[in-house]
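S.K.: Attaching a single structure in structure tokens format; questions to follow.
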Amino acid sequence: MLTPSKYWRESPQRYRLEAAKCTKCGKVFFPPRLVCDSCKNGEFEKTTLPDEGKIVSYSMIHVTASNFSDEAPIALGIIELDNGTKITAQVTDCTEDELAVGVPVKLEFRKVQEAGESGVLCYGYKAVLKR
Amino acid sequence: MEGIVGYGAYIPRNRIKVEEIAKVWGADAPSYKKGLMLEEKSVPSPDQDVITMSVEAGRYAVKRAGVDPKEIGAIYIGSESHPYAVKPSGTVVAEALGATPDIHCADYEFACKAGSEGMFVCFGLVRAGLIKYGMGIGADTSQGAPGDALEYSASAGAAAFLFGNDGVIATVDATHSYMTDTPDFWRREYQNYPRHGGRFTGEPAYFKHTLGAARAILEKTGLTAKDFRWATFHQPNGKFPLRAGKILGFDKEQLEQGWLVPRLGNTYSGASPIGLTAILDVAEPGERILMVSYGSGAGSDAFVFTVTERIKEVQDLAPKTRDQLDNNKRYLEYGEYAKFRGKIRKIEE
Amino acid sequence: MREVAVIGVGIQKWGELWEKSLRDIFVESALNAMKDAGVDKIDSMYVGCMSSGLFTGQEHIASLLADYLGFNPNPAVRVESACASGGVAFRQGFIEVASGFSDVVLVGGVEKMTDVDGGTATYALGTAADQEYECYNGATFPGLYALIARAHMSKYGTTLEQLADVTVKNHDNGSLNPHAQYPFKVTREQVMTSTMVADPLRILHCSGITDGAAAAILAPVELAKSMKKNPIIKVAGSGHATDTIALHSRDDITFLRATAEAARRAFDMAGVGPKDIDFAEVHDCFSIAEICVSEALGFFEKGQGGKAAEAGETRLGGEIPINPSGGLKAKGHPVGATGIAQVHELVTQLRQDAGKRQVKNARRALSQNMGGTGGSALVHILEVA
């Protein structure tokens, strides 16, 4: 369930695509973490993910979780951003026949879900097709 | 000299045609099209609201300005469709732009004038030297009751302007605000849709205030219509801004670039601000621009801008307004439009 | 380390068991396993269960189930690793017996899934994915496996027909299994025109919502011999591995790294390889999963799993029969119970007791159980000693 604190804690990533770059081997982590899984280094510098990339895989989800049912069907994608980092995001404002592996996209700021009729509004990134 | 250092507009890609709405309510589409000079309007997707459109417009403005977001000292969003009744829109936008925490945020509301209010206050704070940069945003996902005349025009869009005093692309040469208490349009607490006074919204409301503010700023600056290359007025329908412009002596060629309403609809707080972005997209150095907003209740804010050399460097740095208006459109049927706008009653859990 | 045998297994008919609670289902299967083993007391117990809290509102189930089995005050532990919870319970019991710490250990798995509506069940199952970076953005399990399927189709040319053939084969096998939730056959056309869930996966590519439990009794091989068990079914290999739970964090989303690693460990321990396996029970929560698993286990080359399914190599009587029980698809998938139910099928087959679905002369078999999109995986190899 989406409570305000749980939502708020991730906002640097969801709002600004903040990531962490290992100061030793350069691997980028999204979301940031405390230890690098490649070189075990514990020091990172703040970095921002690029907001453009391409679709690695996608699915038009017809049976959604209940908090997304008003927007069904939703297109879900794995997006490889221009720096190589992969993220899971909805592909919004598109029809099924426009989706394909390799299609270029950019990320936009969108409302991702609502915590019920009266709960917090939850924002983040979604992909849109570059047209 | 203080002025605009960056600007950006955001228009959703969905559209609905006047005929599609008229068909549902048994209304006469040709008379709306002719009488109000409306063809179609923009519609937000279910995942778009004032906050999301403000973030996109704000990002474009920062991109054009080329400034560090941490130097933005204020963000003011004017809207009559803030997603929360209580909780600021501005803080979300500030956070998304990377402008927190040393910043002042406030959400403004003054019917369709709320956007120019944010611009006016930012300009004032910059001129006073209290902040280095300030962002004024006008954005709305306007409400129009099903079947009401407003449903044909109430649309969605946002415009953001970053004010500062270095790297200015358009100086603010003068401002003038003009207001009285005139109840031509309102929405009470807990109501979903606004109400309006019909023809009362015209002469004693829109025209009195728009013309009042425009005449005062012209007198203040000693300028006349022919001293301007461009002018844009609040545009609740196609007719009103053209008529206001004509009365003031502007010809169609001066008005057309910022006159977006026939295919955009009325973006309420975004209306004249988005018109201004369309003008900045094509403006040449040295050109003078008049912008006059109007908000029911009622009042107008007028601005005189002069475009600088730097405009040519920034126009192509972010999507242009008329490109967003003309390209990449998706037409909705009324059923989908009603779903997108939350007009369908569902089980409440 | 002592050699460990499976001396008893128990299950019941799975499905929507409206009249039975979580504790009823578990105790029923556990008593069946004890009866099968011929034991009336156990030293300790491991229960695999993914989410009794979200599905039924009950936590602290290890002690509860020990109480209802009449085992208090002996120790009981619940283990959770999403849909691999049963496999983990089996491995923990195996380690406890092998180490000499206990002699007779009951390992079980249970899930009671039908006390909540479909949306809540989808949410509960979704907690096996990354809540903040997958589910927050709308991911569901069918959706995540659909991403794997699309990538596999794009990279290797796997077809919708091949995906459907996995389902057809598992329903053919399940129609021969008296415990199966969906004991009927389906055609390729029925699969390919069934309701779309998450494109390209349709409802007949997906395992269902099931109430069920399964249990097994582990004991040292020496004890099994003294009890005159025949045949003695030995745990020859056990492998357990993890991977990122977020699918997008993997270099290649079509390759199940944790399954490959767990298999390597289990094969090394047993001193055998994929070609030495007579049949396998694998985690076909979605048809694409069986294809990817069959590649990660080394039965087929990368990208060849779909073609092998289409060619009938995984059918009963094929090169390497997969899921003779009907798999998760036809037998049902009460998530925490699945890893133990696979062992039930292995033991039944190795005893040559599987009736019409018997894999002829089965002497050595493999089970593969995984959690989420493959973030945890267990591989066990059982053989007739």
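S.K.: For the stretch B:140-168 and the stretch C:266-328, compute the distance between their C-alpha centroids and round to whole Å.
M.R.: The stretch B:140-168 and the stretch C:266-328 have Cα centres spaced 59 Å from each other.
S.K.: Let me ask you something else. What value in Å³ per residue do you get for the convex hull of the alpha-carbon atoms in chain B?
M.R.: 126 Å³
S.K.: Given the protein chains as shown and a 1.4 Å probe, how many square angstrom of C:Thr56 are accessible, to the nearest 10?
M.R.: For C:Thr56, the solvent-accessible surface is approximately 50 Å².
S.K.: Using a Förster distance of 45 angstrom, determine the FRET efficiency expected from the C-beta separation of B:Arg330 and C:Thr193, and round it to 0.05.
M.R.: The formula returns an efficiency of 0.95 here.
S.K.: What average count of beta carbons from other chains do you get within 10 Å of the Cβ of residues in B:325-337?
M.R.: The per-residue average across the peptide is 1.
S.K.: Another question, then. Dipole of chain B, Cα-centred, from +1 at each Lys and Arg C-beta and -1 at each Asp and Glu C-beta, to the nearest 20 debye?
M.R.: Once rounded to the nearest 20, the dipole reads 720 debye.
S.K.: Taking the alpha carbon gyration tensor of the stretch C:156-217, what are the square roots of 5 times its eigenvalues, largest first, to the nearest whole Å?
M.R.: Each semi-axis is √(5λ); the values are 24, 13, 12 Å.
S.K.: Right, here's the next one. At a threshold of 8 angstrom on Cα-Cα distance, excluding pairs fewer than six apart, so keeping six or more, what relative contact order does the stretch A:4-129 reach in percent?
M.R.: Here the relative contact order equals 21 percent.
S.K.: A follow-up question, please. Provide the convex hull volume over Cα atoms per residue for the stretch B:39-152, in Å³.
M.R.: Value for the stretch B:39-152: 119 Å³ per residue.
S.K.: Let me ask something additional. Which aspartates and glutamates, if any, have their Cα less than 18 Å from the Cα of C:Lys225, not counting same-chain residues under 8 positions apart?
M.R.: Filter leaves C:Glu3, C:Asp36, C:Asp40, C:Asp103, C:Glu383.
S.K.: Note down the nm distance, to one decimal, between modelled labels 7 Å out along Cα→Cβ at A:Arg9 and at C:Thr120.
M.R.: 2.5 nm
S.K.: Measure up A:Lys40/A:Lys86; A:Lys54/A:Lys130; A:Lys54/A:Lys126; C:Lys41/C:Lys234; C:Lys35/C:Lys329 against 19 Å on the Cα-Cα distance and list the ones that go over.
M.R.: A:Lys40/A:Lys86; C:Lys41/C:Lys234; C:Lys35/C:Lys329
S.K.: Once you have the Kirkwood Rh of the stretch B:170-307 from its Cα pairs, apply Stokes-Einstein at 25 °C and 0.890 mPa s and quote D in µm²/s.
M.R.: The calculation lands on 163 µm²/s.
S.K.: Would you mind working out the magnitude of the charge dipole of the protein assembly as shown relative to its Cα centre, with +1 at each Lys and Arg C-beta and -1 at each Asp and Glu C-beta, to the nearest 20 Debye?
M.R.: 580 debye
S.K.: Moving on. Could you grab the relative contact order for chain C? Cα pairs under 8 Å, six or more apart, rounded to a whole percent.
M.R.: Taking the mean separation of contacting Cα pairs over the length of chain C, I get 26 percent.
S.K.: Going through the cross-link list A:Lys6/B:Lys41; A:Lys27/C:Lys302; B:Lys70/B:Lys312; A:Lys21/B:Lys63, which pairs have a Cα-Cα distance over 31 Å in this structure?
M.R.: A:Lys6/B:Lys41
S.K.: Which residue fluctuates the most in chain B, going by a Gaussian network model with Cα springs under 10 Å, if the choices are B:Asp281, B:Asp49, B:Asp148?
M.R.: Residue with maximal mean-square fluctuation among B:Asp281, B:Asp49, B:Asp148: B:Asp148.
S.K.: Rounded to whole Å and ordered largest first, report the semi-axes of the equivalent ellipsoid of the stretch A:39-120 derived from its Cα gyration tensor (root of 5λ). Don't skip to the answer; put the middle values down first.
M.R.: Details: eigenvalues 136, 75, 25 Å².
After scaling each eigenvalue by five and taking roots: 26, 19, 11 Å.
S.K.: Counting only pairs 8 or more places apart or on different chains, how many lysine pairs in the stretch B:170-307 have C-alpha atoms closer than 15 Å?
M.R.: Working: B:Lys208/B:Lys246; B:Lys226/B:Lys246; B:Lys226/B:Lys252; B:Lys239/B:Lys252.
Lysine pairs satisfying the spacing and distance rule in the stretch B:170-307 number 4.
S.K.: Just counting partner chain Cβ atoms within 10 Å, what average do the residues of peptide C:190-201 show around their Cβ?
M.R.: Across C:190-201, the average partner-chain Cβ count within 10 Å equals 3.
S.K.: Right, here's the next one. Can you order the peptides C:205-214, C:250-259 by their average number of other Cβ atoms within 10 Å per residue, highest first?
M.R.: Descending mean neighbour count gives C:205-214, C:250-259.
S.K.: How large is the helix-only mean residue ellipticity at 222 nm for the protein assembly as shown, computed as the sum of -39500 (n - 2.57) over DSSP H runs with n ≥ 4, divided by its residue count, in deg cm²/dmol to the nearest 500? Provide the component values of the computation, followed by the final result.
M.R.: Values: 29 runs with 270 residues, N = 865.
Roughly -9000 deg cm²/dmol at 222 nm, from the helical runs in the protein assembly as shown.
S.K.: If you average 1/r across every pair of different Cα atoms in the protein assembly as shown and take the reciprocal, what Kirkwood value do you get, in Å?
M.R.: Computed over Cα pairs of the protein assembly as shown, the Kirkwood hydrodynamic radius comes out at 29.9 Å.
S.K.: Report the convex hull volume per residue for chain C, counting only C-alpha atoms, in Å³.
M.R.: Working: hull volume 45.5 nm³, N = 385.
Residue-normalised Cα hull volume stands at 118 Å³.
S.K.: Now for a different question. Rounded to the nearest 5, what % of DSSP beta bridges with both residues in the protein assembly as shown are antiparallel?
M.R.: 75 percent
S.K.: Moving to a separate point now. So for the stretch A:4-129: antiparallel DSSP bridges make up what percent, rounded to the nearest 5? Walk me through the numbers before you get to the answer.
M.R.: Details: 33 of 34 bridges.
Percentage antiparallel, nearest 5: 95.
S.K.: Here is a follow-up. Of the DSSP beta bridges with both residues in the stretch C:256-385, give the percent that are antiparallel, rounding to the nearest 5. Could the numbers behind the result be given before it?
M.R.: On the way: 8 of 12 bridges.
The antiparallel proportion sits near 65 percent.
S.K.: Restricting attention to chain A, give the cysteines that have no other cysteine Cβ less than 4.7 angstrom from their Cβ.
M.R.: A:Cys94, A:Cys122
S.K.: Follow-up question, since we're still on this one. Is there a simple number for the mean count of other chain Cβ atoms within 10 Å of the Cβ of residues in A:10-21, and what is it? The partial results should precede the final answer.
M.R.: Working: counts 3, 3, 2, 2, 6, 9, 5, 1, 1, 0, 0, 0.
Shielding by partners across A:10-21 averages 3.
S.K.: Still on this structure, I have one more. Which peptide among B:202-211, C:279-288, C:326-335, B:1-10 comes first, and what is the full order, when sorted by highest mean count of other Cβ atoms within 10 Å?
M.R.: In descending order of packing, they fall as C:326-335, C:279-288, B:1-10, B:202-211.
S.K.: For Cα pairs less than 8 Å apart in space and 6+ apart in sequence, what is the mean separation divided by the residue count of the stretch C:1-119, i.e. the relative contact order in percent? Numbers along the way, then the final one.
M.R.: On the way: 194 pairs, mean separation 41.1, N = 119.
Reported relative contact order: 35 percent.
S.K.: Now for a separate question. Go through A:Thr95, A:Ala72, A:Tyr58 and say which Cα lies farthest out towards the positive end of the charge dipole of the stretch A:4-129; charges sit on Cβ, +1 for Lys and Arg, -1 for Asp and Glu.
M.R.: Positive-most Cα among the choices belongs to A:Tyr58.
The values are calculated or read from the model by the stated rules, or taken from the named source; none is laboratory data. Small disclaimer: the values here were computed from a predicted structure and weren't measured. All Cβ positions, even for glycine, are placed from backbone atoms using ideal geometry, and neighbour counts span all protein chains on display. Just the protein is used for accessible areas: all its heavy atoms, side chains included, with ligands, DNA and RNA removed. Shrake-Rupley method; radii C 1.70, N 1.55, O 1.52, S 1.80 Å.
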